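Asker: Have a look at this one.
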Amino acid sequence: MTHARALPRAAPETQGVQSSAVLAFVDAIDQSGLALHSFMLLRHGHVVAEGWWVPYAAELPHMLFSLSKSFTSTAVGLAVAEGRLTVDDLVLPFFPDDAPAEVGEHLAALRVRDLLTMTSGHADDTIAGFFERRDGNWAASFFEQPLSYTPGTHFKYNSGCTYMLAAIMQRLTGQTLLEYLRPRLIDPLGIDYATWESCPRGVNVGGWGLSITTDSIARFGQLYLQHGRWGERQLVPQEWIAEATRKQVPNGPDPAVDWEQGYGYQFWRSRHNAYRGDGAFGQFCIVMPEQDAVLAITSGVGNMQAVLDLVWRHVLPGFSAAALPASADAKRLAARLAGLTLPLPEGSSSALETAVSGRSYRFAANDLQIQQLSLEFDAERVVLRVRDNRGEHELVAGRDAWLQGETTLDQRGRLRVAAAGAWTALDTYELRLWYIETPFSPTITCRFDDDRVRFTYRLNASFGPTEFPPIEGRCLS
């Protein structure tokens with residue numbers, strides 16, 4: 001782990017940013033109900049505003065999802081500069097043992113450039129097939145899926161393309177993406193923490209799976225804003241930065257949608273001549289060259305366009321070409337940012353609390369795989385215990401504040417969590433969880449009626465369903 005030098009800080013007005021504009025952005029985010037977890041705004045290389053909504057915090061890494069793709073693209077650019085490959089290299093020769101028995105003309109023509117621009121020729125994303133492959137050979141799965149279009153002619157967002165770039169890099173270097181990037185990008189930028197998920201065969205998945213802090217996202221954006229230069233070093237070739245971030249292919253006609261402004265090498269073009277890397281549920285690295293600004297955001301939202309709309313509506317007009325006079329708004333902004341928090345469950349006391357505390361409820365077979373649960377209340381916390389098909393799990397929640405800990409309640413295993421609960425009605429107790437290194441926030445609701453409990457589970461965001469049918473349990477005694 002490196003010990004990064006802190007990014008320089010400055011009052012917004014000294015860098016030509018109106019504090020009132022950032023205040024308006026934060027207010028609009030909270031009023032809209034969009035669950036941002038953090039943001040950092042840089043202007044002229046200085047952090048002029050930053051905030052984390054409790055229970056999220058500056059030192060915590062956050063899942064990037066597809067924002068990982070922009071780091072994969074950067075690794076390819078570095079390998080191109082080192083002479084290891086070119087963007088016009090054919091893809092199949094990198095995988096001589098994984099090619100299908102019959103190679104069609106489209107697959108034979110597939111180039112590295114087509115993977116970078118999401119124009120492989122597939123009509124659908126290929127990753128569903130990856131997870132169905134019992135031998136874990138994702139490259140073979142990619143090649144087996146039909147190419148409906150001539151490579152280079154049809155944009156289709158396809159995380160499998162990025163995985164193939166990661167696999168090519170590992171074939172060329174003998175290192176995972178993270179290992180390759182560490183001395184070339186991660187350490188020089190001062191990124192203190194980075195992990196990357198791998199496929200069953202040990203390849204960093206490329207298209208998702210990277211976790212870093214908000215500060216690290218901001219550093220990456222600032223590097224791109226500075227055309228690949230960091231301090232006295234040219235970390236990434238300026239020519240690659242220009243190619244990666246320009247419009248390589250069209251991807252839609254709507255001038256009001258940020259996902260239809262063109263696509264580069266694993267970077268999206270944006271409105272207002274900006275560009276960005278982004279990931280599911282609102283992970284953003286927005287670079288605004290005309291404003292000499294970078295905005296890093298982590299969040300857990302379903303509507304990502306709504307976040308960008310608020311950026312353009314409130315933050316963008318707040319930039320000035322020159323420094324601005326000191327403003328009382330700067331103090332108000334600092335106080336506002338210091339007090340950011342995600343809303344706690346709201347409620348009061350219930351006479352049922354003593355009666356249900358410590359009682360165990362058993363459930364018939366159900367899709368959630370829950371077999372038994374109990375809630376135990378004391379003056380400062382609530383303990384939820386659940387037995388499911390994976391075993392016993394415990395979650396400790398605060399009563400008037402987010403209480404942090406770890407739990408195995410999620411299918412992914414042991415995760416850091418912050419939780420709080422409240423009686424939202426006389427018969428209903430609600431628990432809100434934030435898995436604080438991810439975008440995800442489950443809400444658990446228990447409604448009690450005599451010896452029964454009605455249990456519901458919903459998510460703030462998901463690639464699948466967010467609402468699940470209620471299940472009913474009965475008291476064991």
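Asker: Name every residue in the range 280-298 that is small (Gly, Ala, Ser) and either part of a helix (DSSP H, G or I) or surrounded by 24 or more Cβ atoms within 10 Å (Cβ to Cβ) (or both), in order of residue number.
Answerer: Hits for the range 280-298 are 282, 293, 296.
Asker: I've got another one for you. Go over the candidates 42, 85, 60 one by one and state the one that is over 28 Å from the mean Cα position of the chain (by Cα) and either assigned to a helix (DSSP H, G or I) or among the aliphatic types (A, V, I, L, M) (or both).
Answerer: 85
Asker: I'm trying to understand the selection: among the residues of the range 417-445, which are out of contact with any helix residue (DSSP H, G or I) (no Cβ under 8 Å at 6 or more places or on another chain), under 22 Å from residue 378 (Cα atoms) and surrounded by fewer than 21 Cβ atoms within 10 Å (Cβ to Cβ)?
Answerer: 424, 425, 428, 430, 431, 443, 445
Asker: Can you give me the ranges of the strands (runs of 3 or more DSSP E) entirely in the range 388-460 with at least 2 residues that are under 25 Å from the mean Cα position of the chain (by Cα) and not hydrophobic (A, V, I, L, M, F, W, C)?
Answerer: Strands (runs of 3 or more DSSP E) meeting the threshold: 403-407, 442-449, 452-459.
Asker: So how many residues does the range 268-325 have that are closer than 30 Å to residue 442 by Cβ and of a type outside the set (D, E, K, R)?
Answerer: Total meeting the criteria: 26.
Asker: Do we have any residue at all in the range 254-276 that's free of Cβ contacts under 8 Å to residues at least 40 places away in the same chain and acidic (Asp, Glu)?
Answerer: yes
Asker: Among the candidates 202, 221, single out the residue that is in a helix (DSSP H, G or I), small (Gly, Ala, Ser) and touching a residue at least 12 places away in the same chain (Cβ under 8 Å).
Answerer: Every option except 221 fails the conditions.
Asker: I'm checking my understanding of the structure. Among residues of the range 348-362 that are assigned to a loop (DSSP other than H, G, I, E, B) and surrounded by fewer than 16 Cβ atoms within 10 Å (Cβ to Cβ), which one is modelled with the lowest pLDDT?
Answerer: Residue satisfying both the conditions and the ranking: 349.
Asker: Additional query: Within the range 126-134, identify whether any single residue is part of a loop (DSSP other than H, G, I, E, B), over 14 Å from residue 265 (Cα atoms) and either without any contact (Cβ under 8 Å) to a residue 12 or more places away in the chain or assigned by TED's automatic domain parsing to the domain that holds residue 249 (or both), and answer yes or no.
Answerer: Looking through the range 126-134, at least one residue is part of a loop (DSSP other than H, G, I, E, B), over 14 Å from residue 265 (Cα atoms) and either without any contact (Cβ under 8 Å) to a residue 12 or more places away in the chain or assigned by TED's automatic domain parsing to the domain that holds residue 249 (or both).
Asker: Limited to the range 322-347, what total is found for residues that are within 16 Å of residue 421 (Cα to Cα) and surrounded by 13 or more Cβ atoms within 10 Å (Cβ to Cβ)?
Answerer: Qualifying residue count for the region: 5.
Asker: Which condition breaks for residue 247 when tested against (1) touching a residue at least 12 places away in the same chain (Cβ under 8 Å); (2) surrounded by fewer than 21 Cβ atoms within 10 Å (Cβ to Cβ); (3) closer than 23 Å to residue 82 by Cβ?
Answerer: The single condition residue 247 does not satisfy is (3).
Asker: Taking residue 101 and the conditions (1) more than 26 Å from residue 314 (Cβ to Cβ); (2) touching a residue at least 12 places away in the same chain (Cβ under 8 Å); (3) not hydroxyl-bearing (Ser, Thr, Tyr), which numbered condition does it fall short on, given that it satisfies the others?
Answerer: Going through (1) more than 26 Å from residue 314 (Cβ to Cβ); (2) touching a residue at least 12 places away in the same chain (Cβ under 8 Å); (3) not hydroxyl-bearing (Ser, Thr, Tyr) one by one, residue 101 breaks only (2).
Asker: Among the residues of the range 47-57, are any in contact (Cβ under 8 Å) with a residue 24 or more places away in the chain, farther than 30 Å from residue 417 by Cβ and surrounded by 21 or more Cβ atoms within 10 Å (Cβ to Cβ)?
Answerer: Yes, that holds for at least one residue.
The values are calculated or read from the model by the stated rules, or taken from the named source; none is laboratory data. Source: prediction; values computed, not measured. Here the Cβ is made from the backbone with ideal geometry for all residues, glycine too, and neighbour counts use every protein chain on show.
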